[in-house]
Structures are given as C-alpha cells and as structure tokens.
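Bear in mind that the values in this text are calculations on the coordinates, not laboratory data. Predicted, not measured: the structure shown is a model, and the values here were computed from it. Cβ placement follows ideal geometry from the backbone for every residue including glycine, while neighbour counts extend to all protein chains displayed.
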Ligand code: AMP
C-alpha cells in the first residue's frame, strides 16, 4: 500500500490502471478511521480492481475553527488499519496540494444543502461539494463509496455528480453501529466514558419515534417525546430532530414516501449526527 501526497503521482498511477482497463474505486475520508470507514473500503474492494482511500481533513468544510483544530489526526494508525484491507493507495495530500495559491472555485448544491446540517453549519456543504468534486477530478475514479451515516452529504454528492455529468458512480453504504446502537464516528472518541454511555439514547429515541410514526402517530408528537428523552439523558442541546423525505429531504408530517428521521445533538461538547429509515405508511 503506497502513501501518495501529490496529485501528479496519483494521476500517473491511476492512468496506468485505466490503461489496463481496471476499475478504480475511491473512498473519501478525513482519517481517524474506524470500522465504518473500513466497511466502505470492503464495499469498494468488492466492486473495483483498484482502491484509493483519500485522507484529507478538509478545512473548507469546517465552519468552526476549534472543531477543525480538534479533529483527530491519526495517519499512522489509519495506515495500519488499512494495511490488511488490500487498499492500493492512500492519497493524503497536504492542504496546499488541494487548495494551491489562487484557488477560487466553489461548488454549491442549492436546496439539498440548505436544511439540517446546512442550516447549522454555514458553508459546510459547499466545502464538502467542492472537495468531493476535486477528489473525483484528482483520482479519476470510476466508483466512489460514501456512508449513509452522512445521508444529506450522500444526497448532495449524488446531485452534483448528476448535475455536472461527472463520470463516477456513487454507492451509498449502510451505517455501522457499535453494539449499543451508536453510529460509529471519528468524533465519538472525544466523548468521556460517562458521555459515551449516554450516547445510545440518541439512536434509541430515534428508533422509538420511527416506530411511533410508522404506527400512525404524528411526527410532531413522536419527535417531541424523542427530544425530551435525549435532553433528559444529559445531552446539552438537540440541534435538529426532523422527519424528512429520504431523497429530496423535504419536511414531512407522515412517511407517505421513503422517509428518514435526521438528528444532530450535542453531548459533552461533541456534536453527534445520525439518521434512520422510517417504515413507509400506506396512504389512508
Ligand atoms: P468522514 O471521515 O467522517 O468524513 O467519513 C468518511 C466516509 O465514511 C463518509 O462517506 C461517511 O459517511 C462514512 N462513514 C462515517 N461513519 C460511518 C459509519 N458509522 N458507517 C458507515 N460509513 C461511515
């Protein structure tokens, strides 16, 4: 497994693979890898001849400088974790390689980027859309793998690929969870043991709300109870907790089309996000 830092070197490797008619997959990450990331790598291995994992903590998608500074950087351990997974290249460029002097372009996906995390993290999804577009250009990959954990991001990436006619096929992969139901995240490591024990209330409350909504309860009531349970468990703030359409993220009262509950909540100074499917109701 090679660690590559320059776009020129990466492109030369990928060009050779493509000449040999090999299918190239990419798994974009910000490092601090966990089993959720490794499940994307496995999906890529299963669908591609060559796999690139990118590790880049993208400054443009952090609206909060403190969050950027605190974001875990564990490249050596990441490389060790990837070792047994048959990854061909780790592309870990410095910021100057991704955003050289004079960089002036922004990719912005209207609509899908506005609600949920977009409303609370100004500029976040423009940063994501810009770096993902660049990673597709730099890697020239045929297929790219993203987690459903970041559902809104996945929908934004699908949209921009369609809108910009990018020749890359997007695969969404299910959220990996710890045994207590908490979605794996690089940020979970920043929770104290006490707070980590409380974190399971978030997915549990979301599941309870999903069950209530699927059996005919109103979204407003089910989500209000979930919010109370989350705050009573010791979360400092529920940033959002909403029922929305899975595809276009339109707000919903009832799951009369594929729907998900989306949540972001603060626990011990750490912002956790999650989303789950709500079983569809047949129209009355
Ligand atoms: P990140 O390093 O947090 O930017 O995540 C890189 C990729 O891994 C994104 O496509 C995420 O959606 C995905 N990912 C993060 N956590 C999980 C998880 N628990 N299960 C599956 N995919 C995940």
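Rounding to the nearest 10 and keeping the result within 0 to 90°, find how far the Cα-based axis of helix 151-163 lies from the longest principal axis of the chain.
Rounded to the nearest ten degrees, it is 50.
Suppose the chain between residue 64 and residue 237 were pulled fully straight at 0.36 nm per residue; how much longer would it get relative to their current alpha carbon spacing?
Values: separation 173, 0.36 × 173 = 62.28 nm, distance 1.71 nm.
The span from residue 64 to residue 237 would gain 60.6 nm if fully extended.
From the helices alone, meaning DSSP H stretches of at least four residues, give me the mean residue ellipticity at 222 nm for the chain, per-run term -39500 (n - 2.57), in deg cm²/dmol to the nearest 500. Mind showing how you got there, number by number?
Values: 11 runs with 111 residues, N = 284.
So the helix-based figure for the chain works out to -11500 deg cm²/dmol.
Going by alpha carbons, how many degrees (0 to 90, nearest 10) lie between the helix axis of 35-47 and the longest principal axis of the chain?
That works out to roughly 60 degrees.
State, as an integer percentage, the relative contact order of the chain based on alpha-carbon contacts under 8 Å between residues 6 or more apart. Spell out each step's value before the answer.
On the way: 512 pairs, mean separation 47.3, N = 284.
Relative CO of the chain lands at 17 percent.
Just the number, please: percent antiparallel of the DSSP beta bridges in the chain, rounded to the nearest 5.
Values: 19 of 38 bridges.
Just about 50 percent of them are antiparallel.
Any idea how far apart residue 207 and residue 18 come out in nm if each label point goes 7 Å out from Cα toward Cβ?
Reported label-point gap for residue 207 and residue 18 is 4.5 nm.
If neighbour count is taken as other Cβ atoms inside 10 Å, put 10, 68, 81 in order from fewest to most.
Ranked by crowding around the Cβ, least crowded first: 68, 81, 10.
Compute the long axis of helix 124-139 from its Cα atoms, compare it with the longest principal axis of the Cα atoms of the chain, and write down the angle in degrees, 0 to 90, nearest 10.
30
Would you mind ranking 151, 266 so that the residue whose beta carbon has the fewest other beta carbons within 10 Å leads the list? Show your work: numbers first, answer last.
Working: 151 24, 266 13.
If I rank by nearby Cβ atoms, fewest first, I get 266, 151.
Taking 0.36 nm per residue of sequence separation and subtracting the Cα-Cα distance, how much length would be gained by fully extending the chain between residue 166 and residue 9, in nm to one decimal?
54.3 nm
Need the full-extension length gain, residue 224 to residue 77, defined as separation in residues times 0.36 nm minus the C-alpha distance. One decimal, nm. Write out the running numbers ahead of the final one.
Working: separation 147, 0.36 × 147 = 52.92 nm, distance 4.10 nm.
Taking residue 224 through residue 77 to full extension adds about 48.8 nm, to one decimal.
Which of 85, 120 comes first, and how do the rest follow, when ranked by fewest Cβ neighbours within 10 Å? Numbers along the way, then the final one.
On the way: 85 17, 120 14.
Sorted ascending by nearby Cβ count, the order is 120, 85.
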